[in-house]
1. What does the net charge come to around C:V103 if you take all other residues with beta carbon closer than 15 Å to its beta carbon, with K and R at +1 and D and E at -1?
2. Using unit Cβ charges (K, R positive; D, E negative) and no other charged atoms, how large, in debye to the nearest 20, is the dipole of the protein assembly as shown about its Cα centre?
3. Apply the Karplus curve 6.51 cos²θ - 1.76 cosθ + 1.60, θ = phi - 60°, to the phi angles in segment B:168-180 and return the couplings in whole Hz, x for Gly and Pro.
4. Can you grab the distance from the C-alpha centre of segment A:135-213 to the C-alpha centre of segment A:509-554, Å, no decimals?
5. Please identify the longest segment of chain A free of exposed chymotrypsin sites (Phe, Trp or Tyr not before Pro), where exposed means a DSSP state other than H, G, I, E or B and no more than 15 other Cβ atoms within 10 Å.
6. As a footprinting exposure proxy, order A:V308, B:V69, C:V81 by other Cβ within 10 Å, with the fewest listed first.
7. Nearest-5 percent of antiparallel DSSP beta bridges in the protein assembly as shown?
8. Tell me, rounded to the nearest percent, the portion of alpha carbon pairs in the protein assembly as shown spaced more than 56 Å apart.
Amino acid sequence: MAETLAEVQKQEVHGHDHDHHDQGFVSKYIFSTDHKIIAMQYLFTGMLMGVIGGYMAYVFRMQLAFPGISVPGFGQVSPGEYNSLITNHGSIMIFWVAMPVLIAAFGNYLIPLMIGADDMVFPRINRLSFQVFFISSVVLLLSLFVEGGGFGGAWTSYPPLSASGDYNLTQLGASLWLIAVALEFVAFLLGGINFITTLMNSRAPGMKAYDIPMVCWMIVIASILFMLSVGPLLAGAVMLLFDQTLNTGFYDPARGGDPILWQHLFWFFGHPEVYVVLLPAIGITVDVMATFSRKKLFGYKLVLYTAVATGVLSFFVWAHHQFIAGIDPRMANVFTVTTLLISVPIAEMLFVMIATLYGGSITLTTPMLWALAFLAEFLIGGVTGIFLGASGADIYFHDTYFVLAHFHYTFFPIAIIGTFCAFTYWFPKMFGKMMNETLGKIHFWGTIIPFNFIFIPLFVLGMGGQHRRIYNFEHFPEIAGPEYFQLRQIATIALLIMLAFQVVFFFNVVMSWWKGEKAGKNPWKANTLEWTTESPPPHGNWPVEELPTVYRGPYEYGHPDREEDYWPQNLPG
Amino acid sequence: MAHARPIATTRSATGIPTPRLAVWWILASEVVIFGGLLGAYLMHRIGHPEWAEAASHTQTWIGAVNTFVLLTSSFTAVLAHQAAEKGKGKEAAKLLAFTILGALTFLVIKSYEWTIEIMAGYTITANTFWSFYYTAAGLHALHVIAGAIIMGFIAVDAYRGRELHRVEIIGIYWHFVDVVWIFLFPLLYIAK
Amino acid sequence: MLELVQASTYAADIDRLILFIGVIVGVWFLLAEGIFFWLIWKFRAKPGERTQYLDGTEKNVKKWITIPHALVLVCDVFILVGAVSVWYDVKQQLPDADSTIRVIGQQWAWTFQHPGADNELDTSDDIFTVNDLHVEVEKTYHFQLESRDVLHSFSVPVFRLKQDAIPGRSITGWFTPTRTGEHDVQCSEICGIGHGVMAARIHIEDANTHAAWITRSSAATTP
Ligand code: HEA
Ligand code: HEA
Ligand code: CUA
Ligand SMILES: [Cu+2]
């Protein structure tokens, strides 16, 4: 064994030097096994899907605020189309935006660079992961255009509605949606194997467990969470697919099946899933906040342990989505306890982030603004979760817009704010250019302010009794009054403003990439290893002889023994 | 493009070779897949005592023979690993071939069994017991097929004396496939 | 803010619970945001100033995390007690009923089976209505919730009541209306393209009006 390893190593060292200079476009950008290229593929696919998901939100929000109008760029929205739009909006935003961008794109990009490795341990599995993901995206988008239209049974896809074309009227769309989701899961299982084993085994010499940058830990913990929770749902998806296509009766009570089974399988995955996307976003913001407040993390181990505790607890809370779904009412009490308990580790994580600012020297660069906004906004999402976790209150709130606003106040900070934070922070590394700060700040404020104007009204509407997944409220006189419509219109108009400001972002990306100021190796004066190589890093990340060795943790800012206020991980001494 | 293996692959901060680490994580994700399926089945089975009648039509003897076949093939996989450890590629390849033969035997017997059952009218839609039966056994059979194919590639490599460490990896996977069957057999065939 | 009347015995309890949670987490929320923004202001970068090297492991510093940690736990216990007691009242116990009705969801309408003059369900004088539920104020009702096809959810916002309907099962719950009026009944579980039109009305009537309605409807349905 040892022999073969050494041999392989020798062979690779040579392989690297003259391997990658003369490749064609296709092998370099499409079928590359380089983790950075794969990261870019995930990033741009995720970005494209994000625009599609945002477009869908635009279409159905227009319908909600101005029922029956012909939405510019779409046309009249029929009830079936409405259901399909929200279902696919939810699915896309979670499975094709949040996960691929936060976990796959940044995980791929950052893990090898931050632990001082030249690539993932299984580059070809990595490539396969993206290919499967790409196919899943194509299948999902195709499902919108088949006969009967895209699936419209909500992203939770509860049977019997989802199990039979007689009920959902989208036989083919439903199956394609399910296949797309299952493929996406497979892609992330493949990716997860890579993240986990790479972090475990391929760290630079000297890098101990507590020297790993938090974002790497978080992505890996998220991958483990994902891997351990998605299995039952995959089995459940096979069963649902058989119900749809072979006419089995797994979820059909008339034939000995049980529709609630799906809910258990779905939420057993679904709740851990929300932390699967939360943790990477926390990791990103923690790193960014440490850099721009020039502070050591206030409790590295605390963040790590609370993340693990959150992960473990998350397996025991799933039925809080099913309080009134017909489960045994005594069971609801157990899940209320676990759900409320989970506020403790998450609160602790957030408190550590706040405490990290203490005694710092804070510069409000664009990435720092995003990081701070993440915390400020996520708090709203977090505390409103408590109302829902309290079973007695959830009787009223379940499936109202209060729930909706709760999870947009968590998901938006995670998937959109967190992404922008990471994107603006690592842009110089990825593309070798600085982004324009003024445009960045305009985009920031143009996104954050409208965001609150979209979702605060939705909290109010939820408290007023507005329930979810309704294409037109005129059939419910109590929630069809003018006050209600005003709030809906405020939300929609805020969305339009927010979408308009996204143009600034794309303009900024293109202009900075094209003409931006050169970034240099370490524009933020940060400690972690990715900043010790060129921007953008070459194939192999470092010249083979210069692969870094690690001497200390990632957050040594303002160390009293040192002149400069930062201390890169790879500097001896 | 040459498949240059990155230096990352050659490192081992935990002391465990990366491929072995990876296969354990893959198994962890597989365990929850089968765990979810079997857990769902068990919950239903407890709720439906009348399924015992359907279960009594399974071919217990055929299942038992298949259990024996799989156990034997796992044994040859162990021997293949031992041979590979000693660097005897050809012998490892031969033993892997036996394991593949075991897999094929298993599948042939399984097809025969399913044919009998389907002819008797016990199709996947006959009732939900049979739905579970075919889904669980089918998912397992897919793992047998996948394992056999991968083993084929590894055997060819091993025969040429290459990538011998992979013999152990596929062996671990194969034991897992075996263990899953050890759970399926009593749950689907014996519990009546 | 949008005001929604409280029309059942437990509506006020649920509202009070919501307010209670609101106060507790509201205080935490404001405190956290307050400290957060204050720190951003206080420690904004000033030229030439060094940052403090703290890593949060020393005892006297760590208390800034451990004390809130314990306090959050205490607050959780309070919220838990409030939540469970309301939950118990609404979902776990079943007061004796003055009358029992059956609520049946199907794509995409509600069918209500009222017991009729004999106050006995499943007898020949039962009154069936579609999308109109008639109940008498101050009477305790049991409802048996069923579905003919997919999941639906029987939701009466003014009662603060919600319960999913599941095909193949009959779920029993209860309510006691406390004021007369006509209000929305929603279906709050997605059930296909007609989910958005699956609306019904609940008519909460005083004793006389309700009796008159029963007589009228019995007359209409008797063969
Ligand atoms: C990443 C996304 C994300 C995150 C992080 C969370 C976090 C939480 N969620 Fe949320 N949730 C969703 C996404 C998310 N959720 C989604 C998508 C749905 C709906 C799915 C659907 O139906 O379509 C949902 C629905 C949902 C429900 C079901 C509602 C219903 O349908 O009836 C519940 C119920 O318990 C719940 C609870 C919680 C809780 C307790 C937390 C906790 O983790 C929050 C913990 C954080 C804090 C509490 C804040 C910090 C703490 C303090 C400031 C201290 C003070 C606090 C106390 C004293 C308690 N969520
Ligand atoms: C990550 C999750 C996520 C995100 C970000 C969003 C974003 C938004 N959501 Fe969505 N939503 C869901 C997840 C999400 N949603 C889910 C799970 C559901 C439930 C579905 C169901 O019921 O089945 C839902 C449902 C839902 C509804 C309810 C429909 C109904 O029940 O009838 C509404 C209504 O207003 C809504 C609105 C919005 C709006 C206005 C936004 C806006 O914030 C959107 C603005 C969009 C952008 C700003 C796009 C910007 C992105 C880019 C520019 C790409 C950048 C990329 C890189 C830098 C890499 N959403
Ligand atoms: Cu019935 Cu929604
Ligand atoms: Cu949850």
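Coordinate-derived values only; no laboratory data. Computed from a predicted model, the values in this text were never measured in an experiment. Note that we place each Cβ from the backbone using ideal geometry, even for glycine, and neighbour counts take in every protein chain shown.
1. -3
2. Details: 57 positive and 76 negative charges, 610 e Å.
Computed charge dipole of the protein assembly as shown: roughly 2920 debye.
3. Rounded to whole hertz, the list is 5, 4, 5, x, 4, 4, 5, 4, 4, 4, 4, 4, 4.
4. 32
5. The reported range is A:146-573.
6. C:V81, A:V308, B:V69
7. 70
8. Values: 80955 of 487578 pairs.
Percentage above 56 Å: 17.
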